[in-house]
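Notes follow the structure.
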Amino acid sequence: MSSPTRVLVLNSGSSSVKYQLLDMRDSSRLAVGLVERIGEQTSRLKHTPAGGESRERGGAIADHDAALKAVAEELAKDGLGLDSPELAAIGHRVVHGGKSFTEPTVVDDAVLAEIERLIPVAPLHNPANLTGIRTAQSLRPDLPQVAVFDTAFHTTMPESAARYAIDVETADAHRIRRYGFHGTSHAYVSRTTAELLGKDPSEVNVIVLHLGNGASASAVRGGHCVDTSMGLTPLEGLVMGTRSGDMDPAVIFHLMRVGGMSADEIDTLLNKKSGLIGLCGDNDMREIRRRVDEGDERAELAFDIYIHRLKKYIGAYYAVLGRVDAVAFTAGVGENAAPVREAALAGLEELGLAVDGERNAVRGDGARLISPEGARVAVAVVPTDEELEIATQTYALVNGSGNHT
Ligand code: AMP
């Protein structure tokens with residue numbers, strides 16, 4: 001029999017599981033789906049087989065074990081059951097891999113223990129990712145389970161970018177350093193940008209702007225990350241949908257001492273009630289642009305603060321890289337919000353950076369250039385595809401052909 005070619009990608013959150021089953025012969029999706037509100041009475045599973053109608057299930061889905069069993073049942077109805085000999089591996093998104101995981105890794109007990117050891121630096125994500133892996137292991141103990149880490153692409157950052165300027169012993173004792181996140185997306189988008197330019201990733205320097213509800217920038221030199229805007233946690237860096245991004249850390253002491261707030265309250269404030277939603281009450285860029293067009297001043301200020309921070313990172317990473325071949329916009333805002341792309345690069349012509357108005361306005365599904373003809377620095381819109389990247393890395397690992405990052 002020919003070797004199996006299917007990879008199931010699982011992205012397990014605290015109360016959700018997103019999944020895709022891919023056939024790696026042509027990277028096609030055989031099925032995609034989502035289980036939401038796990039542990040509540042109103043859980044929902046939405047499953048869509050390729051070329052078929054979506055199916056939904058309601059009612060209580062008690063835990064991840066029940067969720068994955070329900071997913072397996074839905075896949076089986078389409079002849080794509082987890083017991084299929086066609087299934088080569090299950091690839092798991094794992095948010096925090098710390099310093100140790102620099103590449104996708106086949107899961108064994110030691111790997112599970114290390115992911116568990118990293119829970120203090122990723123308390124929201126790693127426990128859910130672990131549950132997803134353990135549940136998948138119990139369903140197919142014979143199958144390779146591969147962990148693909150959000151932090152792995154950033155482990156090439158030099159110490160000068162990865163360390164905070166705080167006491168070294170204290171930092172090391174608590175594993176405090178800049179890890180970066182969205183690495184799977186930054187890896188995929190920087191490589192796809194090189195392809196768009198007809199070059200090998202080793203030949204190009206790219207600034208990747210992943211602008212979704214969470215947002216991060218990275219500086220990628222010759223295919224390797226040399227700096228990224230998120231840090232110990234995803235809170236650092238750009239203005240995001242609900243996160244503040246960069247801030248004087250003394251704001252926190254001030255809120256504790258003068259504002260009487262607890263650490264947990266400040267955590268919630270900065271992660272969930274700040275950024276665009278804190279500034280203007282909306283975190284959806286479509287709504288913010290609609291309000292700006294109506295002359296709403298709070299929305300305008302929120303937009304301006306968002307763009308100001310973005311522009312600072314573009315400038316900073318230009319300086320870090322020295323030579324920039326491309327700036328790539330990706331994720332919900334980066335792929336769809338032409339006014340954000342235009343404003344972020346406005347006035348940077350001296351750096352060879354410009355957006356062509358007509359190209360920027362065109363909507364499209366694939367990777368495309370939006371810089372003027374003959375521009376010194378290419379500006380690209382590159383739809384991210386984290387599931388494909390996880391599947392590609394997983395398949396490459398179990399097939400013994402190395403990974404693509
Ligand atoms: P993501 O986290 O990558 O799924 O991105 C989600 C965010 O993308 C949403 O919160 C919106 O702010 C933004 N977004 C999605 N579609 C559009 C659009 N057509 N125009 C502007 N922003 C969009």
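The values are calculated or read from the model by the stated rules, or taken from the named source; none is laboratory data. Because the structure is predicted, anything quoted here is derived from the model rather than measured. Every residue, glycine as well, gets a Cβ built from its backbone with ideal geometry; the counts of neighbours run over all protein chains shown.
Go through (1) closer than 23 Å to LEU235 by Cβ; (2) in a helix (DSSP H, G or I); (3) touching a Phe, Trp or Tyr at 6+ places or on another chain (Cβ under 7 Å) one by one and return the number of the condition LEU130 breaks.
(3)
Can you tell me which condition SER16 does not meet? The list is (1) in contact with a strand residue (DSSP E or B) (Cβ under 9 Å, 6 or more places away or on another chain); (2) at positive phi, and all the others hold.
(2)
Give the residue that is surrounded by the most Cβ atoms within 10 Å (Cβ to Cβ), with candidates limited to residues of the range 376-386 that are within 15 Å of the ligand (Cβ to nearest atom) and outside any loop (DSSP other than H, G, I, E, B).
Filtering the range 376-386 down to residues within 15 Å of the ligand (Cβ to nearest atom) leaves 381-386.
Still in the list and also outside any loop (DSSP other than H, G, I, E, B): 381, 386.
Working: VAL381: 25, GLU386: 23.
Top of the filtered list is VAL381.
Out of all the residues in the range 353-367, which are crowded, with 17+ Cβ neighbours inside 10 Å and not hydrophobic (A, V, I, L, M, F, W, C)?
If the condition is that a residue be crowded, with 17+ Cβ neighbours inside 10 Å and not hydrophobic (A, V, I, L, M, F, W, C), then ARG359, ASN360 are the ones that fit.
Could you tell me whether any residue of the range 291-304 is touching a Leu at 6+ places or on another chain (Cβ under 8 Å), under 30 Å from VAL377 (Cβ atoms) and away from the ligand (no atom under 16 Å from the Cβ)?
First, the residues of the range 291-304 that are touching a Leu at 6+ places or on another chain (Cβ under 8 Å): 298, 301-302.
Applying the additional criterion that residues be under 30 Å from VAL377 (Cβ atoms) yields 301-302.
Those left that are additionally away from the ligand (no atom under 16 Å from the Cβ): 301.
For the range 291-304, residues touching a Leu at 6+ places or on another chain (Cβ under 8 Å), under 30 Å from VAL377 (Cβ atoms) and away from the ligand (no atom under 16 Å from the Cβ): present.
So that you can scan it fast, the table gives a plain yes or no per residue for (1) exposed (fewer than 14 other Cβ atoms within 10 Å of the Cβ); (2) closer than 30 Å to HIS174 by Cα; (3) free of Cβ contacts under 8 Å to residues at least 24 places away in the same chain:
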position	(1), (2), (3)
GLY237	no, yes, no
PHE253	yes, yes, yes
VAL258	yes, yes, yes
MET285	no, no, no
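Just to confirm my filter: which helices (runs of 4 or more DSSP H) fall fully inside the range 220-338 and include at least 2 residues that are of a type outside the set (Phe, Trp, Tyr) and within 24 Å of ASP385 (Cα to Cα)?
Working: elements: 250-257, 263-272, 275-280, 285-293, 297-321, 331-336.
Of the helices (runs of 4 or more DSSP H) lying wholly inside the range 220-338, those with at least 2 residues that are of a type outside the set (Phe, Trp, Tyr) and within 24 Å of ASP385 (Cα to Cα) span 285-293, 297-321, 331-336.
I need every pair where a residue in the range 347-375 that is part of a loop (DSSP other than H, G, I, E, B) has its Cβ under 8 Å from the Cβ of a residue that is hydroxyl-bearing (Ser, Thr, Tyr), sequence separation at least 6 or different chains.
What qualifies is LEU353/SER371; ALA354/SER371; VAL355/SER371; ASP356/SER371; ALA367/THR192; ALA367/THR193.
Would you say MET247 is in contact with a His (Cβ under 8 Å, 6 or more places away or on another chain) and either away from the ligand (no atom under 13 Å from the Cβ) or of a type in the set (Gly, Ala, Ser) (or both)? Steps first, please.
Numbers: in contact with a His (Cβ under 8 Å, 6 or more places away or on another chain): no; either away from the ligand (no atom under 13 Å from the Cβ) or of a type in the set (Gly, Ala, Ser) (or both): yes.
Against the criterion (in contact with a His (Cβ under 8 Å, 6 or more places away or on another chain) and either away from the ligand (no atom under 13 Å from the Cβ) or of a type in the set (Gly, Ala, Ser) (or both)), MET247 does not qualify.
Scan the range 20-43 residue by residue and report those that are over 21 Å from LEU388 (Cβ atoms) and surrounded by fewer than 14 Cβ atoms within 10 Å (Cβ to Cβ).
We begin by selecting, within the range 20-43, every residue over 21 Å from LEU388 (Cβ atoms); these are 36-43.
Matches in the range 20-43: GLU40, GLN41, THR42.
When the residues of the range 145-161 are filtered to those that are of a type outside the set (Asp, Glu) and surrounded by fewer than 20 Cβ atoms within 10 Å (Cβ to Cβ), which remaining residue is farthest from GLY97 (Cα to Cα)? Talk me through it step by step, then tell me what you get.
Of all residues in the range 145-161, those of a type outside the set (Asp, Glu) come to 145-149, 151-158, 160-161.
With surrounded by fewer than 20 Cβ atoms within 10 Å (Cβ to Cβ) added as a condition, the list becomes 156, 158, 160-161.
Values: THR156: 13, PRO158: 17, SER160: 20, ALA161: 18 Å.
Here the residue is SER160.
May I ask you to list the residues in the range 191-234 that are closer than 19 Å to VAL94 by Cα and away from the ligand (no atom under 16 Å from the Cβ)?
Hits for the range 191-234 are CYS225, THR228, GLY231, LEU232, THR233.
The conditions are (1) under 21 Å from the mean Cα position of the chain (by Cα); (2) within 14 Å of the ligand (Cβ to nearest atom); (3) at positive phi, and LEU276 fails exactly one of them. Which is it?
Single failed check for LEU276: (3).
Give the residue that is farthest from the ligand (Cβ to nearest atom), with candidates limited to residues of the range 309-352 that are buried (at least 23 other Cβ atoms within 10 Å of the Cβ) and β-branched (Val, Ile, Thr).
So the residue we want is VAL324.
Just to verify a result, which residue in the range 353-364, among those that are modelled with pLDDT under 95 and within 13 Å of the ligand (Cβ to nearest atom), is farthest from THR193 (Cα to Cα)?
Keep residues of the range 353-364 that are modelled with pLDDT under 95, which gives 362-364.
Add one more test, that the residue is within 13 Å of the ligand (Cβ to nearest atom), and what stays is 363-364.
Working: ARG363: 18, GLY364: 16 Å.
Looking at residues that are modelled with pLDDT under 95 and within 13 Å of the ligand (Cβ to nearest atom), I get ARG363.
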